[in-house]
Protein chains: 4
Amino acid sequence: MIINMMYGASDEQIAHVIAVVEHAGYQPHTIRGTERTIVAAVGSGGNRIALEALQAAPGVEEVVAITHPFKLVSRQVKSEPTVVNVRGVPIGGEEFVVIAGPCSVESREQLLAAARAVKSAGARLLRGGAYKPRTSPYDFQGLGEEALRLLAEARDETGLPIVTEVMSTEDVARISEYADLLQVGARNMQNFALLRALARVDRPILLKRGPSATVKEWLLAAEYLLAGGNPNVILCERGIRTFETDTRNTLDLAAIALAKELSHLPVIADPSHGTGRRSLIPALSSAALAVGADGLMIEVHPCPERALSDGPQSLDPEGFRKLMRNLAMPSRTMKPVSA
Amino acid sequence: MIINMMYGASDEQIAHVIAVVEHAGYQPHTIRGTERTIVAAVGSGGNRIALEALQAAPGVEEVVAITHPFKLVSRQVKSEPTVVNVRGVPIGGEEFVVIAGPCSVESREQLLAAARAVKSAGARLLRGGAYKPRTSPYDFQGLGEEALRLLAEARDETGLPIVTEVMSTEDVARISEYADLLQVGARNMQNFALLRALARVDRPILLKRGPSATVKEWLLAAEYLLAGGNPNVILCERGIRTFETDTRNTLDLAAIALAKELSHLPVIADPSHGTGRRSLIPALSSAALAVGADGLMIEVHPCPERALSDGPQSLDPEGFRKLMRNLAMPSRTMKPVSA
Amino acid sequence: MIINMMYGASDEQIAHVIAVVEHAGYQPHTIRGTERTIVAAVGSGGNRIALEALQAAPGVEEVVAITHPFKLVSRQVKSEPTVVNVRGVPIGGEEFVVIAGPCSVESREQLLAAARAVKSAGARLLRGGAYKPRTSPYDFQGLGEEALRLLAEARDETGLPIVTEVMSTEDVARISEYADLLQVGARNMQNFALLRALARVDRPILLKRGPSATVKEWLLAAEYLLAGGNPNVILCERGIRTFETDTRNTLDLAAIALAKELSHLPVIADPSHGTGRRSLIPALSSAALAVGADGLMIEVHPCPERALSDGPQSLDPEGFRKLMRNLAMPSRTMKPVSA
Amino acid sequence: MIINMMYGASDEQIAHVIAVVEHAGYQPHTIRGTERTIVAAVGSGGNRIALEALQAAPGVEEVVAITHPFKLVSRQVKSEPTVVNVRGVPIGGEEFVVIAGPCSVESREQLLAAARAVKSAGARLLRGGAYKPRTSPYDFQGLGEEALRLLAEARDETGLPIVTEVMSTEDVARISEYADLLQVGARNMQNFALLRALARVDRPILLKRGPSATVKEWLLAAEYLLAGGNPNVILCERGIRTFETDTRNTLDLAAIALAKELSHLPVIADPSHGTGRRSLIPALSSAALAVGADGLMIEVHPCPERALSDGPQSLDPEGFRKLMRNLAMPSRTMKPVSA
């Protein structure tokens, strides 16, 4: 930590800061500049909070942290990439893995049609919402446990492992009975009670980035899971909220590259929520592959126009097949330079 | 709803949209412009989701809603302002109410010192965190039930009703035994499981706006509470996340004026989180009063520099007393125009 | 400057950084922590750019500036507030000054009607656009020099000094002949060629904050003016761009308090552009007064519904009179605490 | 245009709106819903501004435009893609074109070393700043005309056409003598005086997206150029400003796909400014190629650590060569599905 003193801070104020640094278990180094003084607190294992609180001390302008606050998710701690095994499907390894399926499970027919379609096009996992977070209380809230049973049936038929969202600590046990991968939705990224509950579960977790979370906050949310005992975490970038309104969110592909640089965890992209526009999904899927993502999560509905949620951003089976073909065969590449 | 067809949409596509509108229980009105056609769906009580899903139909550019999606929180439904009674203290009425206290309950001494200080300066409610949402799992997470008991003791001594945050459905019953006003934190504004649980509780709710929530999403979160049976909701603006980094958040005072225009619910401001800088809190408190807020929530700590959380944005007792005096006596006003 | 070395940086890399710091004319202080090493560069008058470029050196994680990059606009350099005199009207002193008038000058009748109305209600300066920045090339672009002559006529009649926007270096001389205060629009805040031209003009400047500019960038834009020779600068907060769409911009009142804390320059607010909604303007005007702004700029049109630009956010004369009365007499204040 | 009346608007207010619509040269269609009334204004060639101003009329909630405000840049007007010829190099056609070079021209040696390096690695155009927009007046502002002469020399030697930024209308003529492609910087995207001057120039224009401009505003800025007579416009996405601070900007790749869907103009990406972190540039370059961009603009400096500007985001020659090789040979693709 660097404690940056205000311009004109008194000797007494500087001495006070030094005393707090020592009392907190760190070694103080004082550097008197021409305009201001800084105190560096060196060491580890001290009382970090006492240092941060110095921001409130007289004469202190700012306390700047110079080390990352996360540990277990960091590449510094574990340099080789983590591969998460979801009922036999490895995510984070050689293979680029596509998860697909409807936003919400709406009926047996709808789900099975979707499951067959995404399986035949090359998807490796099936997604489907049973409990849906909806902005309005008057919107469709999901079929609940009935949806879980249908997902299990679709898995039995297609062999695709299933992923579904957990919205509440109360649902963790029930959903864990059915699902192979438990999703934390973007709005719950900092639902710490939920994270603590999922840290104790014997299932891998898909952790979506919150719409206004920085990459570091996202990694710290993952740190809750690892620190609580669950090492099987997959990160999912699904777009952040910006001033741009012609796309539902702004898919932040640099965040994927950055998360993979800072952390060993696998990272996938969700271009369906990330753009909210069906026409843009194939191009952003290819871009996610190119940027180094480990996979995709894509909404596919047998008939998007009749979907009870997210129709405008859902692909139909034919659109999904085209997308998968494009991924396998890029349409334009740079010509190699002869020199 | 207005269904805006694409430039060049075919007659067949338009006919399809009209058929869906009718099937959904609305009356279609078709307007053929020089460049495009629009179909207006008139009526209420139809299947709104079927209309929204038209966004996925061929030839449709956009489906635009022209009515607000919220009902019970709306001024259209109830024009007179709601006054929420918190153990005898009315919020939303004539009086501008200040809630104050420490970010976290840290000890008996700290809490009682804070409670006495804010009471003597004019605060009407005492705040104090028992369960703390923290970005990092390694930060202080609150004293839990012990903090609840201390809050009750502080209430007994000072007579100030108490407000504390509920982070999880599992804690709702326990916290309701102690607290007079239950706070939903900004990161939980769209924790719908929590909102549903709080809708069934016999306590008023303080609902903070999420850092990236629009005013309409905030009102829809309140709608969950009212629709679920709890009419006693107070809204709290605590700053939104923007590109500006010199303040912790951007306190959106226009959102307070707008929320009060659209809704009958009381709205207060939290300039402590809204700015994150102690020096700015008094000015923003005065501004919140002037913009029409019904009250404030302010972090006060007997010794901010030793606070276990939010020290940099906490006032000390003397700072809080000055703030309260400023609120009672504006320092500069316009000179009235003689004409 | 603090040069924060990467975890695992080699001794050679650290030595290289130290050599660059010395070569750039600073004194290096090296602090070896348990996890990383930092090098502090102490001194002033050295080659700051050489230090910043170290961010590209091997083994360097980050270069952190610990002093503000602005000088002449800073409170550290000049602690007493600057009062800018605009043809006899002081801005930044005791009086809270309201500037009002139409978005665009549209005709002689329109401008004179607006000028008389705002004068009688208590405005001290008249605004009116002659050259208009418009998002679309097909929108009304202003009357140009004809508008300047009409503004001068309105000044002659009412005695109100006039303010109008300068969009291009080519127009600086012509507009300076007419206007008493030259406005730099938000989209031109970082039009450095324009700032350099205005630094050499014998007229005060009204510098609007860009819609995505931080407070520090805004102050640095003002620094261009002061460093170039023009000390008469008034800052104007007019809202920043955020994800919220129900207001045209998010009026950042904390930025006003912060700008006044960091700088000695006067700061006013523009709640017309800041909200874009006529109904919110009075409340935000009162809030701007309360937060410590030195004045307001408000759009007033004799008939907003016929305005050629910004009608939805323009007040009519009666609405403006009410706003001015409200400013002079706050509707609700805190009751003073007896203790 | 749709004029959406307020809940409870009176018959008189509705009649007034209808009268204005007719007077403005449009045909009104009135639809009375159960909750509100809307008036659709049909036709083209009427007085659009008069309709927009209705937002200020009594009883009107909102005026919604249902057609895009841009024309000449639209795919509706010209469906085949525009290929811009920059001194023999086509941009927007089959070839993916890379522009590279230093942020600023600093010296003859630096520029020629950079030019040779990027040429040999496969770049097709040379970039280099002569006049630099800098946030602080104390930073290096560019070598001006001397830099232009050096750029011309580098073109003579390497055969690479050159691109450089124009900051002011006053510089347009001089820079046009030297440069093959004139760049409008992000901060000048809405410098309308500059756009109008460049519309009359016989050189293609590279128009960067402003850091807080929507895709539609960006296209409208391009519309200024086309409407003013210059059809040779290349768009450049360089990142938008968001709350994320670990990247300098958020590179919005979906905006590239969207701009190409809405417009026939070529679009390139600038991952150097878009991320501000050297380590992320190769991955984002591949992603831009995959998303459908027509090319890249990349900062390359012979010795980034000694750069006078943008060192941290500049590649050295070896880093650039690797990036070019990666573009030609994607490292991981989806396995094609056998079915």
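The values are calculated or read from the model by the stated rules, or taken from the named source; none is laboratory data. Quick caveat: nothing in here was measured; it's all calculated off a predicted structure. Cβ placement follows ideal geometry from the backbone for every residue including glycine, while neighbour counts extend to all protein chains displayed.
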Looking only at segment A:21-31, which residues are touching a residue at least 12 places away in the same chain (Cβ under 8 Å) and either surrounded by fewer than 21 Cβ atoms within 10 Å (Cβ to Cβ) or more than 13 Å from chain B (Cβ to nearest Cβ) (or both)?
A:HIS23, A:ALA24, A:GLY25, A:TYR26, A:GLN27, A:PRO28, A:HIS29, A:THR30
Collect the residues in segment C:252-267 that are in contact with a strand residue (DSSP E or B) (Cβ under 8 Å, 6 or more places away or on another chain) and aliphatic (A, V, I, L, M), keeping them in residue-number order.
C:LEU253, C:ALA254, C:ALA255, C:ILE256, C:ALA259, C:LEU262, C:LEU265, C:VAL267
Residue list for segment B:95-114, filter: in contact with a His (Cβ under 8 Å, 6 or more places away or on another chain) and not in a loop (DSSP other than H, G, I, E, B)
B:GLN110, B:ALA114
Selection status of D:ALA123, in a loop (DSSP other than H, G, I, E, B), closer than 25 Å to D:LEU327 by Cβ and either polar (S, T, N, Q) or within 13 Å of chain A (Cβ to nearest Cβ) (or both)
yes
How about segment A:212-250: which of its residues are closer than 29 Å to C:THR247 by Cβ, of a type outside the set (S, T, N, Q) and touching a strand residue (DSSP E or B) at 6+ places or on another chain (Cβ under 7 Å)?
A:TRP218, A:GLU237, A:ARG238, A:GLY239, A:ILE240, A:GLU244
Inside segment A:127-156, can you point out the residues that are assigned to a loop (DSSP other than H, G, I, E, B), under 20 Å from A:ALA113 (Cα atoms) and of a type in the set (Gly, Ala, Ser)?
A:GLY128, A:ALA130, A:GLY142, A:GLY144
Given C:ASP252, C:ASP246, which one is within 7 Å of another protein chain (Cβ to nearest Cβ), surrounded by fewer than 23 Cβ atoms within 10 Å (Cβ to Cβ) and within 30 Å of B:PRO69 (Cβ to Cβ)?
C:ASP246
Can you tell me which residue is farthest from the other protein chains (Cβ to nearest Cβ) among those in segment A:157-180 that are within 29 Å of B:GLN141 (Cα to Cα) and in a helix (DSSP H, G or I)?
A:SER176
Do we have B:LEU148 as farther than 15 Å from B:LEU235 by Cα and without any contact (Cβ under 8 Å) to a residue 40 or more places away in the chain here?
yes
Matching residues, segment D:36-60, being at pLDDT below 85, farther than 22 Å from B:ARG36 by Cβ and either exposed (fewer than 15 other Cβ atoms within 10 Å of the Cβ) or under 30 Å from the mean Cα position of the chain (by Cα) (or both):
D:ALA53
Quick check on my filter: what residues within segment B:32-46 are out of contact with any Leu (no Cβ under 6 Å at 6 or more places or on another chain) and either β-branched (Val, Ile, Thr) or more than 7 Å from chain D (Cβ to nearest Cβ) (or both)?
B:ARG32, B:THR34, B:THR37, B:ILE38, B:VAL39, B:VAL42, B:GLY45, B:GLY46
The lone exception for C:ARG200 - which of (1) touching a strand residue (DSSP E or B) at 6+ places or on another chain (Cβ under 8 Å); (2) more than 23 Å from C:ALA287 (Cα to Cα); (3) more than 10 Å from chain D (Cβ to nearest Cβ); (4) of a type outside the set (Ser, Thr, Tyr) it fails
(1)
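Collect the residues in segment A:21-41 that are under 19 Å from B:ASP139 (Cα atoms) and in contact with a Pro (Cβ under 9 Å, 6 or more places away or on another chain), keeping them in residue-number order.
Once the filter is applied, which keeps residues that are under 19 Å from B:ASP139 (Cα atoms) and in contact with a Pro (Cβ under 9 Å, 6 or more places away or on another chain), segment A:21-41 yields A:VAL21, A:ALA41.
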Do you know which residues across segment B:266-281 are surrounded by fewer than 24 Cβ atoms within 10 Å (Cβ to Cβ) and within 9 Å of chain C (Cβ to nearest Cβ)?
B:ARG277, B:SER279
Among the residues that make up segment D:311-326, is at least one of them at pLDDT below 95, in a helix (DSSP H, G or I) and within 21 Å of the chain's Cα centre (by Cα)?
yes
Top-ranked residue of segment A:126-154 - restricted to ones that are in contact with a Phe, Trp or Tyr (Cβ under 7 Å, 6 or more places away or on another chain) and among the hydrophobic types (A, V, I, L, M, F, W, C), ranked as farthest from the other protein chains (Cβ to nearest Cβ):
A:ALA152
Within segment A:32-68, how many residues turn out to be among the hydrophobic types (A, V, I, L, M, F, W, C) and without any contact (Cβ under 8 Å) to a residue 40 or more places away in the chain?
8
With respect to C:ARG174, determine if the residue is closer than 17 Å to D:THR169 by Cβ, of a type in the set (D, E, K, R) and out of contact with any Ser or Thr (no Cβ under 9 Å at 6 or more places or on another chain).
yes
Read through the list (1) of a type in the set (S, T, N, Q); (2) under 30 Å from D:LEU235 (Cα atoms); (3) within 14 Å of chain C (Cβ to nearest Cβ), then give the number of the only condition that D:GLN55 fails.
(2)
If you go through segment B:114-135 one residue at a time, do you hit one that is within 30 Å of B:LEU262 (Cβ to Cβ), in the same structural domain as B:PRO282 (by TED's automatic domain parsing), out of contact with any strand residue (DSSP E or B) (no Cβ under 7 Å at 6 or more places or on another chain) and not polar (S, T, N, Q)?
yes
B:VAL63 being assigned to a strand (DSSP E or B), closer than 30 Å to D:VAL39 by Cα and of a type in the set (A, V, I, L, M, F, W, C):
yes
Do we have A:ALA290 as more than 9 Å from every other protein chain (Cβ to nearest Cβ) and surrounded by 24 or more Cβ atoms within 10 Å (Cβ to Cβ) here?
no
Every residue from segment D:91-113 that is hydrophobic (A, V, I, L, M, F, W, C) and either within 26 Å of the chain's Cα centre (by Cα) or within 11 Å of another protein chain (Cβ to nearest Cβ) (or both):
D:ILE91, D:PHE96, D:VAL97, D:VAL98, D:ILE99, D:ALA100, D:CYS103, D:VAL105, D:LEU111
Residue that is nearest to D:MET324 (Cα to Cα) [pool: residues in segment D:70-120 that are surrounded by fewer than 21 Cβ atoms within 10 Å (Cβ to Cβ) and of a type in the set (Gly, Ala, Ser)]
D:SER120
Could you check segment A:306-320 and list, in sequence order, the residues that are surrounded by fewer than 20 Cβ atoms within 10 Å (Cβ to Cβ) and under 17 Å from B:ILE3 (Cα atoms)?
A:ARG306
Specify which of the listed residues (A:VAL64, A:VAL77, A:VAL73, A:VAL17) is more than 24 Å from A:LEU226 (Cα to Cα) and under 37 Å from the mean Cα position of the chain (by Cα).
A:VAL64
Looking at segment A:8-20 only, could you name the residues that are surrounded by 14 or more Cβ atoms within 10 Å (Cβ to Cβ) and of a type outside the set (S, T, N, Q)?
A:ALA9, A:ILE14, A:HIS16, A:VAL17, A:ILE18, A:VAL20
